[in-house]
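The next block holds one structure in the form of structure tokens; read it before the comments.
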Amino acid sequence: MTPFTTLDGLVAPLDRANVDTDAIIPKQYLKSIKRSGFGPTLFDEWRYLDVGEPGQDHSKRPKNPDFVLNQPRYEGASVMLVRENFGCGSSREHAPWAIEDFGFRAIIGTTFADIFFNNCFKNGLLPIRLPQSEVEQLFLQCLGTPGYRLRIDLESQTVLRPDGHAIRFDVDAFRKYCLINGFDDIGLTLQQSDKIREFETRRRIEQPWLYA
Amino acid sequence: MAQTLYDKLWSSHVVHTEEDGTALLYIDRHLVHEVTSPQAFEGLRLAGRKPWRVSSIVATADHNVPTEHSEQGITDPTSRAQVETLDDNIRAFGALAYFPFRDKRQGIVHVIGPENGATLPGMTVVCGDSHTSTHGAFGCLAHGIGTSEVEHVLATQCLLQKKSKAMLIRVDGELGRGVSAKDLVLYLIGQIGTAGGTGYAIEFGGSAIRSLSMEGRMTVCNMAIEGGARAGMVAVDQTTIDYLRGRPFSPRGDTWDRAVEHWRTLKSDDGAQFDRVVEIDARRILPQVTWGTSPEMVTDVRGQVPAPEDFADPVKREGVARALQYMGLSPRTPIEQIRIDKVFIGSCTNSRIEDLRAAAKVVEGRRVADNVKLALVVPGSGLVKAQAEAEGLDRVFKAAGFEWREPGCSMCLAMNADRLEPGERCASTSNRNFEGRQGAGGRTHLVSPQMAAAAAIAGRFADVREVI
């Protein structure tokens, strides 16, 4: 996993609530058995005017000029600004894979769906929860300022606005540690193998029906 | 101290706790399907790892499988490749049970786990699928995970987790005639909103929940995720125990007695504290129909489509306007005037035997309306299908003009050939009415099996209470 330390990135605003993972990456692309290559079909039904199929050359498809990520001013954005309950619905990790593959490294919003939130951290993608008033301000500034950028520092847990206003955010210490170091958490968990075995041995005696 | 059911399930599975409270949680049952597992098995292979405990794995192919002409195999090459990848992975790594495409016990992963007794009270149950919350109906801690976590569970038999807050949703009183578990849970989501349960594990309690069958409880827990909660659960009682007796993977003999003794402790203690309590009067719930593109956009069959200006919050107002445009609906349209093109009875929410019986009762002796182009019944598993056929339900549906299909996820998410065309409107017993969920441009209205059956007959939404 790519470590996440600091990010100075162009911000793209996605101004709608309850964006679900079906919208982030539609079902036809879930037939892939790979982890990569989902970026071109991120937000497929909003981004293109036709219905996409896997295996197509997506660069040749007609784009929806009204969709925010198709606007030239947001080209190269690495921070996505979103509304409440982002990433709700299906647990598909293809959603953060697509967001990351498109070029985003951080998502800022008020609330995220639990499974999606969790999945982001496994892919070097930082979801940042901020109070409603701060997110509202960011939307106003971003929409009103071409080339609007934010500086995100995971170590100090701050989002720095261009006007110098710093916003602190919370992140679990363990997740932060894994993200900053780019750790594969399976490796970390396997360091606890003895404890897992002990637990399992005890459980086999107490609830043998679980091990039929 | 008095504990909630969630406290008990949580604390009995903690292997280790990090300083910040992140716990290593032991996983008893790992359900696997073809869509969210290939990258996880590939990850294992690349790292030279093996599954920690293959006897925890129960696998099936459900999302991609065709529901007709199964004798021709899977004709879509990408779907076929994904299903064959699962076949290969299970062959290489092993499992407690695998129900592949065309096996008589194959079916939707959240239907086959319980019906085979592979979901037992007190277990932690995970699957790379958000509707894993279904299994909480058995007094389990059950939730969906991403593919990285699927790999993590395969490799370590554990998950890294932070404990959620606990919510109690207490539903008291009796559900009215023609009002089902599906109406109950849609009504709940309308009350708390799709983000209402975010950060919580929800326990469903109260007399209305106690009165539900296991099938009904599964429907309610299934849609906990639609209310934002990863996990929903119901305490164990006699209904749970009666359901599990004699299932293929249920314990037997003395072990059964010991298990039952333990299972009876799986309920919240008197006086246990919840972070939030929501109380619902079951008598207020009428048959529900969603009108928008989020499950919280719901009203009862006697209601009407709202107008954006009914909502004060500007983000919500805009969301409603966008939803109405997508759904092709005008404000103030009575729900009963909305005509439909297709009907789907199936999905991990509503494809169990009780659901099919309820729908068949409405359909019996009637005909699907002429304006309905396709009415599908997709049983949740091969066993459900066989049971329904033994009861003659297939003949009732076919005589009315329904198609009777093979088991799978089907038109709930349209990964196979069963889908809506752009602009088509569907009465669906599934769980998500998101834009494009049942096919690009398709318009989904979520309802109960009885209400879907009534809509099929009327060609528009109709109050099932007037039909039965």
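Since every read-out is calculated from the coordinates, none of them should be taken as a lab result. Note that the coordinates shown come from a computational prediction; the quantities given were computed from them, not determined experimentally. No Cβ is skipped: glycine too gets one built from the backbone with ideal geometry, and neighbour counts run over all protein chains shown.
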Counted neighbours (other Cβ, 10 Å), sorted fewest up, put B:L159, B:L120 in the order B:L159, B:L120
Which value in Å is the Kirkwood Rh of region A:84-205 over different Cα pairs?
-> 16.5
q = 0.16, 0.21, 0.22, 0.27 Å⁻¹, region B:109-160: log10 I(q)/I(0) [Debye, one scatterer per Cα] = -0.42, -0.71, -0.77, -1.05
For region B:357-468, what does the equivalent ellipsoid look like in terms of its semi-axes, each the square root of 5 times an eigenvalue of the Cα gyration tensor, given largest first in whole Å?
-> 21, 18, 12
Considering the Cα trace of region A:46-112, what is its radius of gyration and what is Dmax, both in angstroms?
-> 13.2, 35
The local net charge around B:N371, scoring Lys/Arg +1 and Asp/Glu -1 for residues other than B:N371 whose Cβ lies under 9 Å from its Cβ, equals +1
Inter-centroid distance (Cα atoms) of region A:153-212 relative to region B:76-145, Å | 26
Considering only the other residues whose Cβ falls under 9 Å of the Cβ of A:A113, what net charge follows from Lys and Arg at +1 and Asp and Glu at -1?
-> -1
How big is the charge dipole of the protein assembly as shown about its Cα centre, in debye rounded to the nearest 20, if each Lys and Arg gets +1 on its Cβ and each Asp and Glu gets -1 on its Cβ?
-> 600
Kindly give Rg over Rh for chain A, based on alpha-carbon atoms, with the Kirkwood expression for the hydrodynamic radius.
-> 1.04
So for the pair B:V54, B:K163, with labels modelled 7 Å out along Cα→Cβ, what separation do we get in nm?
-> 3.6
Cα pair distances in region B:199-292, grouped into 5 Å bins until the bin that holds the longest one, percent each = 2, 10, 18, 21, 20, 13, 8, 5, 2, 0, 0
Among A:35-43, B:349-357, how do they line up from the highest to the lowest mean number of other beta-carbon atoms within 10 Å?
-> B:349-357, A:35-43
Rounding to the nearest 20 debye, state how big the charge dipole of region B:283-381 is about its Cα centre with +1 on each Lys and Arg Cβ and -1 on each Asp and Glu Cβ.
-> 300
Checked against the positive end of the charge dipole of the protein assembly as shown (+1 on Cβ of Lys and Arg, -1 on Cβ of Asp and Glu, about the Cα centre), the farthest of B:Y200, B:S70, B:C426 is B:S70
In peptide B:140-152, how many Cβ atoms from other protein chains are near each Cβ within 10 Å, on average?
-> 6
Please check chain A for the longest run free of GluC sites (Glu not before Pro) that are loop-located per DSSP (anything but H, G, I, E, B) and have at most 14 other Cβ atoms within 10 Å.
-> A:76-154
Quickly rank B:260-267, A:143-150, B:211-218, B:290-297 as a protection proxy: mean count of other C-beta atoms within 10 Å, highest first.
-> B:290-297, B:211-218, B:260-267, A:143-150
With the charge dipole of region B:345-468 built from beta-carbon charges (+1 for Lys and Arg, -1 for Asp and Glu) about the Cα centre, the Cα from B:I457, B:A390, B:G401 projecting farthest to the positive end belongs to B:I457
Shielding by partners for A:91-102, please: the mean number of other protein chain Cβ atoms within 10 Å of each residue's Cβ.
-> 4
Give me the distance in nm between label points sitting 7 Å out from Cα along the Cα-to-Cβ direction at A:D50 and B:T17, one decimal.
-> 5.7
Here, GluC sites (Glu not before Pro) of region B:117-204 satisfying both criteria (DSSP loop; at most 16 other Cβ within 10 Å) are B:E174
Taking every pair of alpha-carbon atoms in region B:16-152, what share in percent sits in each 5 Å bin, from 0 to the bin with the longest distance?
-> 2, 10, 20, 22, 20, 13, 7, 3, 1, 1, 0, 0
Roughly speaking, what is the stretch gain from B:R322 to B:D76, that is 0.36 nm per residue apart minus the C-alpha to C-alpha distance, in nm to one decimal?
-> 85.2 nm
By DSSP, what percent of the beta bridges with both residues in chain B are antiparallel, rounded to the nearest 5?
-> 25
Rg/Rg_globular for region B:104-203, with Rg_globular taken as 2.2 N^0.38 Å and Rg from C-alpha atoms = 1.22
Sum of side-chain charges, B:D129 neighbourhood, beta-carbon under 10 Å (Lys, Arg +1; Asp, Glu -1) = 0
Taking a quarter of the surface of the convex hull around the Cα atoms of region B:262-378, what do you get in nm²?
-> 12.0
Per principal axis, descending, Cα span of chain B in whole Å = 56, 55, 45
Could you calculate the contour length gain from B:A312 to B:Q238, that is, 0.36 nm times the residue separation minus the distance between their Cα atoms, to one decimal place in nm?
-> 22.0 nm
Taking each residue of A:201-212 in turn, how many C-beta atoms of other protein chains fall within 10 Å of its C-beta, and what is the average?
-> 5
So what is the relative contact order of chain B, in percent, for Cα pairs below 8 Å that sit 6 or more residues apart?
-> 17
Region B:159-251: relative contact order as a whole-number percent, Cα under 8 Å and 6+ apart | 32
Of all DSSP beta bridges having both residues in the protein assembly as shown, the percent classed as antiparallel (nearest 5) is 30
Taking the alpha-carbon set of the protein assembly as shown, what are its Rg and Dmax in Å?
-> 23.8, 72
Computed helical MRE - 222 nm, chain A, DSSP H runs ≥ 4 contributing -39500 (n - 2.57), nearest 500 | -8500 deg cm²/dmol
